[in-house]
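Engineer: Pasting a structure below so you can have a look.
Throughout, read-outs are computed from the coordinates displayed, never taken from laboratory work. The shown structure was predicted, so the numbers you read here are calculated from the model rather than taken from an experiment. Glycine gets a Cβ as well: all are built from the backbone with ideal geometry, and neighbour counts include every protein chain shown.
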Amino acid sequence: MEKKTLVIGVIGADVHAVGNQILYHAFTDAGFNVINLGVMVSQEEFINAAIETNADAILVSSLYGQGELDCRGLREKCDEAGLEGILLYVGGNIVIGKQDFNEVEKRFKAMGFDRSFPPGTPPEVDIDCLRKDLHIED
Amino acid sequence: MEKKTLVIGVIGADVHAVGNQILYHAFTDAGFNVINLGVMVSQEEFINAAIETNADAILVSSLYGQGELDCRGLREKCDEAGLEGILLYVGGNIVIGKQDFNEVEKRFKAMGFDRSFPPGTPPEVDIDCLRKDLHIED
Amino acid sequence: MNNIQNKRIPDDEFNAIREEVLKQWPTGADVDLNEAIEFHKALPEHKVFSKKLVDAKNKGITLIQPRAGVALINAHIELLTYLQDKGEADLLPTTIDSYTRQNRYQEAENGIRESMKEGRSMLNGFPAVNHGVSGCRRLIEALNTPLQVRHGTPDARLLTEITYAGGFTSYEGGGISYNLPYAKNVPMEKTIRDWQYVDRLTGIYEEHGVSINREPYGPLTGTLVPACISHAVAIIEALLAAEQGVKNITVGYGQCGNLVQDVAAIRVLEELTNEYLEKNGYNDVCVTTVFHQWMGGFPADEAKAFGVISWGSATAALSKATKVIVKTPHEAAGVPTMEANAEGLRCTKQVISMLADQVCTASNLEEEKEMIRKETRCIVDKCFELGEGDIADGTVKAVMSGVLDIPFAPSRFNAGKMLPARDNDGAIRILEMGHLPFTEEIKQFHRAKIAERAKAEKRSASFQMVIDDVYAISKGRLVGRPRT
Amino acid sequence: MNNIQNKRIPDDEFNAIREEVLKQWPTGADVDLNEAIEFHKALPEHKVFSKKLVDAKNKGITLIQPRAGVALINAHIELLTYLQDKGEADLLPTTIDSYTRQNRYQEAENGIRESMKEGRSMLNGFPAVNHGVSGCRRLIEALNTPLQVRHGTPDARLLTEITYAGGFTSYEGGGISYNLPYAKNVPMEKTIRDWQYVDRLTGIYEEHGVSINREPYGPLTGTLVPACISHAVAIIEALLAAEQGVKNITVGYGQCGNLVQDVAAIRVLEELTNEYLEKNGYNDVCVTTVFHQWMGGFPADEAKAFGVISWGSATAALSKATKVIVKTPHEAAGVPTMEANAEGLRCTKQVISMLADQVCTASNLEEEKEMIRKETRCIVDKCFELGEGDIADGTVKAVMSGVLDIPFAPSRFNAGKMLPARDNDGAIRILEMGHLPFTEEIKQFHRAKIAERAKAEKRSASFQMVIDDVYAISKGRLVGRPRT
Ligand code: B12
Ligand code: B12
């Protein structure tokens, strides 16, 4: 079966590089084709990379707390760029402070993210969701 | 001025001896005449000692959590024994667990204690209250 | 009259006492020794305390154990299950209420009734005698972790019968350690004799192939107890237990707060216990150690309490104790909720695991160990001497004469002449020697250490120093410096 | 082009740049150097960072300091007041938001507006540039504790101007430590030059009798950074600062978790910084140290987080660091509430105070110190060599060639060839040497240490070991053992 392509990166002015490097490693190991944009990635960079590589999903990391501001409008820009319906995930420490994650999830759902992941989610969980959402058989 | 007499002791099956020894020291230093009954003191022992020494106050310690059971009826027994109106204090860890102390105070007030003191009250506070309640001038 | 001896209780004598003991409360009638032995033999390995300890000792790891007990069976099961599952406890306790500890079973019964009525535990522990053999078995069956009885009972004979038959595989206490800190009027001969009964019963199970762990209670009054005192007690209680046939013993020590002294203490405790056991012909006893997180007054603030808990955990791990008894962030306030209890456990687990691979090798560690060795030997050897070779008899005389002297003990049989205080590094030393049988060299050492502190604090050594030290940790320090 | 030099910026050149800097955002216009110097001179002693540090150094005590910052002035004052009063903080921070750190003042402005609208901070820190000199002064006036700017800003020139004029008396950062861990595309020449500006401005205040404390940022990426790497960076940044006239410097180090290695690291850090400063003719710099509690991933459970916080506190106290930067029980989740922040502080205060009178003297301490000394000297001396005696020029070349190589750094200018991993005792060693300029002896030492662990874990040393170590503390261990 053909490899699915993921675009990953850390959005905004965020420089948390450790989780990003580990996700790259884990997704590659799990058989994905991973385009890693690293840290401090703008919405435009995510979109351009996804178009260029004909990606199946965009996985946005945000650790530093300002993710809520940085992520606004990403879904709309994807749509405008012709990436209608592309799978959009967000994870890390995506809001400021310890908040009820159900609430947080709702806010990001409303912003157009298919799934959001709470702090410290292990890569296994992300991979399971990807397999399911991208209809990958074992 | 004449020294005021205090009867102190740890009620019930309680063997916590440290606070009791320190209170003895502190009250004596502060100029009281202190009758120390030590640990494992029954209601009867408190009352008998108070009668014998013509005491001005009975200070009950309870640390081990079962104080609520041990203290029931003490005021009534004092009254019966002719110690009507004697000053009654209770202090230590007088109930089981971390409870709202306002609630606890109410329960012990209802049981006839003039004052109750939360865990870890320093002797200075006890002494101030005694001075006030026994009308001791500085 | 002082006719106690460290001799195994003859079977007929034991059986005669036994008959009386089982009559002390109706639930005693349900104890059937043979059936109980079968019950124990059928227990899976992971429910057996002694096995888990031996395994930990071999692996060099430190297990964690809480204190916990409430009045009613279902609530107690719920509590222990929570500590097992959410607290990651390796070993479980059942703390017994204070009426049961004083054999006041009628008041315990009353407490059970009141607890049902009020919908909250009105007892500070689990009244195991009143709940009886079947009540205890419900606990053993419900949990997947070994259970120990923890109490403070001068005469624990009936409690032992019932909880052993009930399936408990470990038992805390001893004739000295559960008397002087826990009683006011009980003569030493009496508790030693009553605890010989407990140990003999343990020996009988052992002879039938059921190894129940016995743990002399290490921290005593928990308040500035010098290691040599609690070590002497632990060693003597180990000897008394071994004579009755006990084969699996955990000796304990309560944290003092100075890292080097605490690590030295745990290492010497194991070493000397083995030494004295072997010297006295008990060659097949397996000795493990337990380190108690700070047993004195705690800070009321929970964040600060976590600091105290963690420092105890770090010391336990660095000392390589076999297990650590865990405090909770509610310590200063009252019996903890199960959540607070589990928090103490998880905090401990984190620290223990982070330090599992590290060792402590301070430059003054050997010095400190040697000092504790010498002091402890002075006391234990003097006890033997007083008893003309018999440690049971010697112990009674040693307590009477202040050779064994426990600070702040409530018992009127305790001399209370010795006064401990911290030195300038926070190690616990002796300010007032009382009748401790120390050599002049040891006395000099202590005097010098205390003098050093007095000088640094620009005051003379006095009872005020002791008081300041009693309060210190609860006020956020180790050494009770003069208030400024 | 690589024409950077470790030379004091000439006044005219400085003034020319200054004019541009103050124009970067409208609030720059309010900076008046002479008025600012008068403001500083009028500050009471207890509000001056450098004085409090010198005092602590002389007394041999360890001060505690949180991290904290929110978008709006009043909320920020409330937060800091709480940490001062309820957290018992000895020193206070003002953490700057991430837009300001990237000089995106327009986005910061936007964040301020959003925060007002939403009624909660939408920025992860205090946007000091936007709030301007008068905004900063409101903080200084409201608090009774010295304040420091803490950030992560590659080009911090305007931020420095505004916060210095605003009355801050300490400033974190440096041309290496606030570039490689905090930026992606910023060349080293640029940050070194921009930080020479910051240091020169500090020097100007110093020359006018106002001693502002400067603190190179020690922990770098906070993730398994070997001491020799962060020590090299600290020493170099101290040299760069001293050249510009800075006289009060705090060098830092992030906890690795192994007690002996951490204590050794702090002691060597102070020693070597002094040594290199003196060797280079800077004889009147006062050097203090800061120990950062574990800077990598935290456990999500708060009780476990308290364990990590406490172990950091214990190590800080035993290492005799001048101050410790405190984490909170919310670390894994997000920016802490002020209550959680104060809890971390109080927990730390308890442990620090309990250990204030104790020292650590492990048998392998000197060995560990000597190893860190040798490694650090290899790196710093190589940097001098690459710069033909000029440490600024040498540093740029050292980064380029991987002589200075920071693990997990996001910067594309960082080599990223070196890989750290823990040894079997949890000390951080080097698995993959990259281009570190180590002697064969040092390399052998690291290989042997890693091989020992690999053997104990029955697997070969690989990147999987590094990953396991990255997760380890958040999963409750120090060494990332293979999952079983
Ligand atoms: C040391 C200690 C022990 C020692 C006691 C040694 C001894 N014989 O003295 C040992 C280990 C033996 C022990 C045993 C037990 N303990 Co205990 N013990 C403590 C501990 C840690 C410190 C007590 C202490 O000495 N404090 C120092 C002194 C100076 O302070 P203090 O006692 O609080 O007294 C001061 C003030 O409270 C006040 N005060 C006291 N009385 C009065 C009275 C008046 C009128 C006034 C005005 C003021 C006042 O002034 C005193 C001087 O400053 C406390 C928890 C804590 N505080 O941190 C638990 C604690 C009191 N123990 C407790 C319990 C449950 C027990 C046991 C049942 C269980 C067990 N662990 O084995 C047994 C009880 C045995 C029995 N029958 O009594 C609980 C009580 C729970 C509750 N109330 O909800 C506590 C709170 C621990 C806990 N959180 O679970 N304990
Ligand atoms: C190390 C660290 C740093 C290092 C980063 C070094 C570097 N360049 O990488 C340094 C010290 C430089 C740093 C700086 C800052 N940090 Co920081 N940092 C951390 C820390 C302690 C660990 C992060 C880490 O590496 N974890 C290990 C990796 C493996 O896990 P991870 O990053 O969480 O990623 C995993 C999962 O989350 C998940 N995941 C991540 N992204 C995604 C995306 C998708 C789609 C999915 C499915 C899953 C997923 O998979 C990853 C792999 O398992 C965290 C707190 C914590 N977690 O304990 C704070 C934390 C992230 N930092 C924080 C902050 C605020 C900052 C600063 C603004 C302030 C400061 N202290 O200076 C700056 C930000 C600078 C900037 N512009 O970005 C906050 C964020 C607050 C919030 N969200 O409310 C945190 C949570 C700390 C806190 N509680 O305050 N930080």
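Engineer: Would you list which aspartates and glutamates come within 15 Å of C:Lys59, measuring only between C-alpha atoms, while excluding same-chain residues fewer than 8 positions from it?
Structural biologist: Within reach: C:Asp90, C:Asp357, D:Glu457.
Engineer: Cα gyration tensor of chain B, axes a ≥ b ≥ c as square roots of the eigenvalues: rounded (a/c below 1.5), prolate (a/b > b/c) or oblate? Spell out each step's value before the answer.
Structural biologist: On the way: a/c = 1.38, a/b = 1.20, b/c = 1.15.
It comes out rounded by the Cα gyration axes.
Engineer: What length, rounded to one decimal in nm, is gained on full extension from C:Asn110 through to C:Ala451, with 0.36 nm per residue of separation minus their alpha-carbon distance? Show your work: numbers first, answer last.
Structural biologist: Numbers: separation 341, 0.36 × 341 = 122.76 nm, distance 5.26 nm.
Fully extending the segment from C:Asn110 to C:Ala451 adds 117.5 nm.
Engineer: Give the peptides C:295-305, C:147-157 in descending order of average Cβ contacts within 10 Å, highest first.
Structural biologist: On the way: C:295-305: 23.2, C:147-157: 24.9.
With the highest mean Cβ count within 10 Å placed first, the list reads C:147-157, C:295-305.
Engineer: Could you tell me the relative contact order of the stretch C:208-351? Use alpha-carbon pairs under 8 Å, at least six residues apart, and round to a whole percent.
Structural biologist: Numbers: 249 pairs, mean separation 31.4, N = 144.
For the stretch C:208-351, the relative contact order is 22 percent.
Engineer: For D:Gly254, what residues show an amide H to amide H distance below 5 Å, using hydrogens built from the backbone and excluding near sequence neighbours?
Structural biologist: D:His292
Engineer: Normalised by the number of residues in the stretch B:15-138, what is the relative contact order in percent for Cα pairs under 8 Å and 6+ residues apart? Mind dumping the intermediate values first?
Structural biologist: Values: 131 pairs, mean separation 28.1, N = 124.
23 percent.
Engineer: Give the distance, in whole Å, between the Cα centre of the stretch C:173-213 and the Cα centre of the stretch D:134-164.
Structural biologist: 66 Å
Engineer: What is the order of C:Ser170, C:Ser310, B:Ser62, fewest Cβ neighbours within 10 Å to most?
Structural biologist: Working: C:Ser170 26, C:Ser310 30, B:Ser62 23.
By the 10 Å Cβ count, ascending, the order reads B:Ser62, C:Ser170, C:Ser310.
Engineer: Let me know the mean shielding of C:105-115 by other chains, meaning the per-residue number of their Cβ atoms within 10 Å of its Cβ.
Structural biologist: Values: counts 0, 0, 5, 0, 0, 1, 2, 0, 0, 3, 1.
Partner Cβ neighbours, averaged per residue: 1.
Engineer: Please report, for A:Ala110, the nm distances (one decimal) from its label point, 7 Å out from Cα along the beta-carbon direction, to the equivalent points in the remaining copies, shortest first.
Structural biologist: When each copy's label point is compared with this one, the spacings are 4.6 nm.
Engineer: Please work out the C-alpha center-to-center distance from the stretch B:73-113 to the stretch D:317-344 and express it in whole Å.
Structural biologist: 41 Å
Engineer: I would also like to ask the following. Restricting to DSSP H runs of at least four residues, report the calculated mean residue ellipticity at 222 nm for the protein assembly as shown, -39500 (n - 2.57) per run over all residues, nearest 500 deg cm²/dmol. Write out the running numbers ahead of the final one.
Structural biologist: Numbers: 46 runs with 591 residues, N = 1244.
Computed ellipticity for the protein assembly as shown at 222 nm equals -15000 deg cm²/dmol.
Engineer: Let me ask something else. Could you tell me how far the Cα centroid of the stretch D:242-316 sits from the Cα centroid of the stretch C:263-304, in Å?
Structural biologist: Rounded to whole Å, the Cα centres lie 35 Å apart.
Engineer: While we're on this one: Show me, for the stretch D:100-107, the HN-Hα J-couplings you get by feeding each phi into the Karplus relation (A = 6.51, B = -1.76, C = 1.60, θ = phi - 60°), rounded to Hz, glycine and proline as x.
Structural biologist: Values, residue by residue: 4, 4, 9, 6, 9, 5, 5, 5 Hz.
Engineer: Contact order normalised by length for chain C, with contacts defined as Cα pairs under 8 Å and 6 or more residues apart; what percent is it? Intermediate results must be reported in sequence, preceding the final value.
Structural biologist: Working: 1038 pairs, mean separation 74.8, N = 484.
Reported as a whole number, the value is 15 percent.
Engineer: Still on this model: Sort the stretch D:335-377 into rounded, prolate or oblate with this rule: let a ≥ b ≥ c be the square roots of the eigenvalues of the Cα gyration tensor; rounded if a/c is under 1.5, and if a/c is not under 1.5, prolate when a/b is larger than b/c, oblate otherwise. Provide the component values of the computation, followed by the final result.
Structural biologist: Details: a/c = 5.62, a/b = 1.95, b/c = 2.88.
Taking the square roots of the gyration eigenvalues as a ≥ b ≥ c, the stretch D:335-377 is oblate.
Engineer: Give me the dipole magnitude in Debye, nearest 20, for the stretch C:136-294 about the Cα centre, with unit charges on the beta carbon: positive for Lys and Arg, negative for Asp and Glu.
Structural biologist: Values: 12 positive and 18 negative charges, 88 e Å.
Roughly 420 debye for the stretch C:136-294.
Engineer: Please count, across chain A, the pairs of lysine residues with Cα atoms under 19 Å apart that sit 8 or more places apart or on different chains. Don't skip to the answer; put the middle values down first.
Structural biologist: Numbers: A:Lys3/A:Lys132; A:Lys4/A:Lys132; A:Lys77/A:Lys109; A:Lys98/A:Lys106; A:Lys98/A:Lys109; A:Lys109/A:Lys132.
Lysine pairs, 8 or more places apart or on different chains, close enough: 6.
Engineer: Please return the longest stretch of chain B lacking exposed loop sites, where GluC sites (Glu not before Pro) count only if DSSP places them in a loop and at most 13 other Cβ atoms lie within 10 Å.
Structural biologist: Values: sites that count: B:Glu2, B:Glu84, B:Glu137.
That gives B:3-83 as the longest site-free run.
Engineer: Another question about this same structure. Considering every residue in D:294-304, what mean count of other chain Cβ atoms within 10 Å of its Cβ is obtained?
Structural biologist: Numbers: counts 1, 0, 1, 4, 2, 3, 4, 8, 5, 17, 10.
For peptide D:294-304, the averaged partner shielding equals 5.
Engineer: Just want the ordering: B:Cys78, C:Cys256, D:Cys383, D:Cys286, from fewest to most Cβ atoms lying within 10 Å of their own Cβ.
Structural biologist: With the sparsest Cβ surroundings first, the list reads D:Cys286, B:Cys78, C:Cys256, D:Cys383.
Engineer: Assuming a ≥ b ≥ c are the square roots of the Cα gyration tensor eigenvalues, decide whether the stretch C:397-484 counts as rounded (a/c under 1.5), prolate (otherwise, with a/b larger than b/c) or oblate. Mind dumping the intermediate values first?
Structural biologist: Numbers: a/c = 2.65, a/b = 1.45, b/c = 1.83.
Because a/c hits 1.5 or more and a/b fails to exceed b/c, the stretch C:397-484 counts as oblate.
Engineer: If you don't mind, there's one more thing I want to ask. Between C:Glu278 and C:Lys41, 0.36 nm times their residue separation minus their Cα-Cα distance comes to what? Walk me through the numbers on the way to the answer.
Structural biologist: Details: separation 237, 0.36 × 237 = 85.32 nm, distance 2.87 nm.
In short, 82.4 nm is gained.
Engineer: Which order do D:Trp25, D:Trp294 fall in if you start with the one that has the fewest other Cβ atoms within 10 Å?
Structural biologist: Working: D:Trp25 20, D:Trp294 24.
If I rank by nearby Cβ atoms, fewest first, I get D:Trp25, D:Trp294.
Engineer: Just the Kirkwood number for the stretch A:93-138, please: inverse of mean 1/r across all distinct Cα pairs, in Å, one decimal. Before the final figure, lay out each step's value.
Structural biologist: Values: mean 1/r = 0.0846 Å⁻¹.
Kirkwood radius, the stretch A:93-138: 11.8 Å.
Engineer: Send over the Kirkwood Rh of the stretch C:401-451, from the inverse of the averaged 1/r over different Cα pairs, rounded to one decimal Å. Show your work: numbers first, answer last.
Structural biologist: Details: mean 1/r = 0.0879 Å⁻¹.
Across the stretch C:401-451, the inverse of the average 1/r is 11.4 Å.
Engineer: Continuing with the same structure: Which entries of C:Lys327/D:Lys369; C:Lys184/C:Lys417; C:Lys52/D:Lys327; D:Lys23/D:Lys57 show an alpha-carbon separation above 28 angstrom in the structure shown?
Structural biologist: Numbers: C:Lys327/D:Lys369 35 Å; C:Lys184/C:Lys417 16 Å; C:Lys52/D:Lys327 36 Å; D:Lys23/D:Lys57 39 Å.
Pairs exceeding the cut-off: C:Lys327/D:Lys369; C:Lys52/D:Lys327; D:Lys23/D:Lys57.
Engineer: Okay, moving on. Going through the stretch A:41-113, which trypsin sites (Lys or Arg not before Pro) have at most 14 other Cβ atoms within 10 Å and a DSSP loop state?
Structural biologist: Numbers: sites: A:Arg72, A:Arg75, A:Lys77, A:Lys98, A:Lys106, A:Arg107, A:Lys109; in loops: A:Arg72, A:Lys98.
Qualifying residues, ordered by number: A:Arg72.
Engineer: Quick one: what are the phi-derived ³J(HN,Hα) couplings along the stretch D:10-15, Karplus 6.51/-1.76/1.60 with θ = phi - 60°, whole Hz, x for glycine and proline?
Structural biologist: x, 4, 5, 4, 4, 5
Engineer: Let me ask you something else. So what's the net charge close to C:Arg267: Lys and Arg +1, Asp and Glu -1, counting the other residues with Cβ under 14 Å from its Cβ?
Structural biologist: Working: positive: C:Lys57, C:Lys320, C:Lys369, C:Arg373; negative: C:Asp262, C:Glu270, C:Glu271, C:Glu275, C:Glu366, C:Glu367, C:Glu368, C:Glu370.
After counting each charged neighbour, the total is -4.
Engineer: Please give, to one decimal in nm, the separation of the simple spin-label points placed at A:His135 and A:Phe101, each 7 Å out from Cα toward the Cβ.
Structural biologist: 2.9 nm
Engineer: If you don't mind, another one. Considering every residue in C:331-339, what mean count of other chain Cβ atoms within 10 Å of its Cβ is obtained? Working shown, then result.
Structural biologist: Values: counts 2, 4, 9, 12, 7, 2, 2, 0, 1.
Partner-chain Cβ atoms within 10 Å, mean over residues of C:331-339: 4.
Engineer: Modelling each spin label as a point 7 Å along the Cα-to-Cβ direction, I'd like the D:Glu441/C:Glu370 distance in nm, to one decimal.
Structural biologist: For the pair D:Glu441/C:Glu370, the computed spacing is 3.2 nm.
Engineer: Taking the Cα centre of the protein assembly as shown as the origin and placing charges on Cβ (Lys, Arg +1; Asp, Glu -1), which of D:Cys378, B:Val18, D:Val246 is farthest toward the positive end of the dipole?
Structural biologist: D:Cys378
Engineer: How do the peptides B:4-13, C:53-62, C:430-439 rank, highest first, by the average count of neighbouring beta carbon atoms within 10 Å per residue? Walk me through the intermediate numbers first.
Structural biologist: Numbers: B:4-13: 24.5, C:53-62: 16.7, C:430-439: 19.3.
Packing proxy ranking, top to bottom: B:4-13, C:430-439, C:53-62.
Engineer: On C-alpha positions alone, give me the angle between the axis of helix D:365-386 and the longest principal axis of chain D, in degrees, nearest 10.
Structural biologist: On a 0 to 90 degree scale, this one is about 60.
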